[in-house]
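**Student:** Handing you a structure now.
Readers should treat all values here as calculations from the given coordinates under stated rules, not as data from a laboratory. Predicted model, so just to flag it, every value in this text is computed and none were measured. No Cβ is skipped: glycine too gets one built from the backbone with ideal geometry, and neighbour counts run over all protein chains shown.
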Amino acid sequence: MTRSLVSHSHYFWPMALLVCHCLSSGCSRQDTSHVRAGWVLAEGNVSLDEKPLDDAKISFVPASLKNLKDQEQWFTAAILKGRFKVELPLGDYKVRIQKYREGPGYISIPTIPKQFNESTVLTAKVTEATFNDLSFNLDQSEDD
């Protein structure tokens with residue numbers, strides 16, 4: 001019995017160190033080493049009337065894009081509990097926030113004011129900084 005414990009003890013410390021490393025790496029800032037060259041990891045918060053927005057989308061539309069309906073050129077991420085993360089190429093963007101509720105006849109009705117959605121006034125500049133914090137605080141009282 002003693003022999004089997006001694007013979008397997010050399011596995012314990014390397015495994016313990018590996019587990020500690022894995023657990024501690026979850027507490028640090030996002031590792032951006034996997035992001036493509038010329039791109040950055042952007043993340044941030046979105047609030048509506050000072051409350052975290054949930055179950056919505058954020059889209060980064062290249063400012064140089066001529067046909068805004070060409071959604072294949074947009075970079076979109078989910079907003080959950082007020083937070084989002086997205087990989088973006090460097091550049092200037094128009095930012096659209098989208099959230100819908102179901103209306104009569106299963107019609108989707110936008111719940112975000114148009115100045116933050118289809119007629120957005122929101123912009124973002126994505127730079128070479130390793131980490132881009134892009135946060136948006138939307139105020140419905142600013143609706144046109």
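**Student:** Which lysines have a Cα lying under 16 Å from the Cα of K99, excluding residues fewer than 8 positions away in the same chain?
**Tutor:** K51, K57, K81, K114
**Student:** Can you give the local net charge around E87? Use residues other than it whose beta-carbon is closer than 11 angstrom to its beta-carbon, Lys and Arg +1, Asp and Glu -1.
**Tutor:** Working: positive: R36, K85; negative: E43.
Residues near E87 contribute +1 overall.
**Student:** Which Cα, out of T123, S59, L134, lies furthest along the positive dipole direction of the range 39-142 (beta carbon charges, K/R +1, D/E -1)?
**Tutor:** S59
**Student:** Further question: If neighbour count is taken as other Cβ atoms inside 10 Å, put R101, R83 in order from fewest to most. Intermediate results must be reported in sequence, preceding the final value.
**Tutor:** On the way: R101 9, R83 16.
In order of increasing Cβ crowding within 10 Å: R101, R83.
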